[in-house]
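Data block below; observations after.
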Amino acid sequence: MKYSQRVNSIQSSPIRKLAPFEESAKKRGIKVYHLNIGQPDIKTPEEFFRAVKNFDKKVLEYCPSNGTEDLINSMQKYYSSYKMKFSKDELLVTNGGSEALLFALMAVCDPDDNVLVPEPFYTNYFGFGQSVNVKINPITTKAENGFHLPSKEDIISKINPKTKAIMISNPSNPTGTVYSYNEIRMLSEIALEYNLWIISDEVYREFVYDNQEYTSFGNIPEIEDRVIIIDSISKRYSACGARIGSIASKNKGLIDQILKLCQGRLCVSTLDQVGAAKLYETPISYFKEIIEEYEKRRNVLYYELMKVDGVVCEKPSGAFYILAKLPVDDAEDFAIWMLKEFNKNKETVMICPAQGFYSSEKLGKNEIRLAYILNEKDLTTAAKLLKEGLKEYLSLKIKSFNYKNDELPLS
Ligand SMILES: Cc1ncc(COP(=O)(O)O)c(C=O)c1O
């Protein structure tokens with residue numbers, strides 16, 4: 001049987017692709033520290049579980065396609081604390097930020113259109129685009145200047161008649177970059193001048209360090225009819241398994257169009273929305289401690305990495321990721337070697353090769369993305385293991401073992 005070109009062209013998630021090697025290492029009794037995936041270890045606030053436990057309906061019914069009234073009310077209040085005023089009919093609840101991104105692309109692009117995206121980008125943007133035949137049009141950014149945006153002229157030179165939107169994650173996964181007010185203004189001007197939508201993925205909105213200022217596209221009134229804010233409780237409240245995200249837009253026509261997509265999938269999990277409604281009531285003060293914790297972890301990982309010869313990275317100011325260049329030819333080969341061959345006292349570390357975060361060929365081949373989602377002690381151990389692993393790998397003087405062509409271990 002034949003598969004569609006569409007699914008054939010979708011790459012396996014670089015974040016999950018190495019899982020069989022990890023499982024095999026675990027079966028050999030090796031403890032694997034995870035720096036590869038953005039699954040926070042912070043406790044989900046109790047309020048979520050309490051609300052779900054107190055749910056007392058006798059039938060678990062479908063709820064409205066746009067979301068439950070309680071959750072939409074809480075989201076409205078949450079946004080107003082960030083000076084974003086959305087009415088109830090300007091908000092839609094989705095199955096995670098993932099569905100919100102997919103629906104936004106479906107609503108503003110036709111097949112063969114493209115969206116401008118700062119590169120490296122959240123790798124699933126690629127898959128979402130491919131699944132609806134929309135191309136990523138990369139705006140390449142560089143480690144050397146903290147992955148900030150190039151000039152307005154450079155960005156404009158990328159626009160063609162099929163460009164329909166700018167899609168951006170701010171703070172960025174995978175670079176941790178927080179875009180400045182001037183960068184947000186520049187993109188807003190481009191969107192106005194070239195009649196583009198802005199799909200602003202702000203799922204890491206609270207995760208900003210060093211007292212840096214954060215600007216949301218939702219705070220730029222001149223472009224309110226073209227901004228689509230994507231959100232999620234996954235990272236914000238450490239509730240990845242709840243699968244609750246959202247779309248917010250002052251463009252009611254757009255919301256009506258996306259509502260049709262929401263109706264097609266009937267509704268989002270009623271119980272998860274019951275819990276999420278309580279999470280969105282969490283006072284903003286809740287984030288203070290969390291941000292301090294992540295800032296501490298960022299510092300630990302960054303300073304440990306700086307001790308490793310040949311590693312190049314900028315100190316990121318947001319989200320919980322660091323993108324680092326390694327002195328290797330092929331970071332994926334090294335990542336597999338760490339799981340297959342390396343251990344120190346039966347411990348190793350799993351990292352995420354960064355090539356899948358680029359759509360421009362050859363970029364990112366010697367880069368990795370690290371997520372600082374472990375506690376300080378484990379993070380220090382993981383960083384030391386990485387350092388020792390790298391030293392040993394380089395000392396073998398063979399730059400690539402060609403593991404990618406190996407059979408993946410079964411299971
Ligand atoms: C930048 C970004 N956007 C969206 C998502 C999707 O999140 P979810 O579908 O869990 O809400 C993620 C998840 O890692 C992300 O990093």
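No value in this document is a laboratory result; all are computed from the given coordinates. These figures come from a predicted structure and were not determined experimentally. Please note: Cβ atoms are built from the backbone with ideal geometry, for glycine as well, and neighbour counts cover all protein chains shown.
Highest GNM mean-square fluctuation among N173, N182, N124, for the chain modelled with Cα contacts below 10 Å: N182. Per-residue extension of 0.36 nm, minus the Cα-Cα distance of L192 and I10, leaves a gain of 62.3 nm for this segment. What share of the DSSP beta bridges in the range 182-332 is antiparallel, in percent to the nearest 5? Of those bridges, close to 60 percent are antiparallel. Comparing G310, G129, G96, which has the greatest mean-square fluctuation in the GNM of the chain with Cα pairs linked when under 10 Å apart? Maximum fluctuation in the GNM of the chain, among the listed residues, is at G310.
The distance between label points at E47 and I159 comes to 4.1 nm (points 7 Å beyond Cα on the Cα→Cβ vector).
Which residue fluctuates most in the GNM of the chain (Cα springs below 10 Å): S13, S249, S232? Answer for the Gaussian network model of the chain: S13. Multiplying each eigenvalue of the alpha-carbon gyration tensor of the chain by 5 and taking the square root yields semi-axes of 34, 25, 22 Å, largest first, rounded to whole angstroms. Expressed to the nearest 5 percent, the antiparallel share of DSSP beta bridges inside the chain is 45 percent. This ranking places Y209, Y237 by how few other beta-carbon atoms lie within 10 Å of each, fewest first, which gives Y209, Y237. Taking the C-alpha atoms only, the angle from helix 69-80 to the longest principal axis of the chain is near 70 degrees. If a spin label sat at a point 7 angstrom from the Cα of I290 along the line to its beta carbon, the backbone N atoms of the range 240-272 nearer than 15 Å would be those of 240-246. For the residue pairs K17/K164; K85/K288; K158/K260; K83/K325; K365/K387, the alpha carbons lie more than 27 Å apart in K17/K164; K158/K260; K83/K325.
I'd like the orientation of helix 96-108 relative to the chain: the angle between its Cα long axis and the longest Cα principal axis, in ° from 0 to 90, rounded to 10. Roughly 60 degrees between the two axes. Measuring r between the beta carbons of K315 and V59 and using R0 = 45 Å, the FRET efficiency lands at 0.30.
Normalised size of the range 157-252, defined as Cα radius of gyration per 2.2 N^0.38 Å with N residues, equals 1.11. Cβ-Cβ distance of K362 and S269, R₀ of 45 Å, FRET efficiency by 1/(1 + (r/R0)^6): the value works out to about 0.65. Modelled this way, with points 7 Å down the Cα-to-C-beta line, the labels at K142 and E224 are 4.0 nm from one another. Rounded to 0.05, the FRET efficiency of the K252 and K377 pair, given R0 = 60 Å and the Cβ-Cβ distance, is 0.75. Exposure proxy shown here: for S87, S188, the number of other Cβ atoms within 10 Å sets the order, fewest to most, as S87, S188. Only Cα pairs under 8 Å and 6+ residues apart enter the sum, and on that basis the relative contact order of the range 55-177 stands at 23 percent. Its Cα gyration tensor gives the range 56-193 an equivalent ellipsoid; the semi-axes, largest first and in whole Å, are 31, 19, 15. Contact order for the range 111-212, expressed relative to its length and based on alpha carbon pairs under 8 Å spaced 6+ residues apart, stands at 29 percent. Per residue, the average separation of C-alpha pairs within less than 8 Å and at least 6 apart gives the range 1-96 a relative contact order of 17 percent. For the residue pairs K57/K278; K235/K362; K296/K377, alpha carbon separations beyond 20 Å are given by K235/K362. With neighbours defined as other Cβ atoms within 10 Å of a residue's Cβ, the residues V115, V208 order from fewest to most as V208, V115. Only helices enter the 222 nm calculation for the chain: every DSSP H run of n ≥ 4 contributes -39,500 (n - 2.57), and dividing by all residues gives -11000 deg cm²/dmol, rounded to 500.
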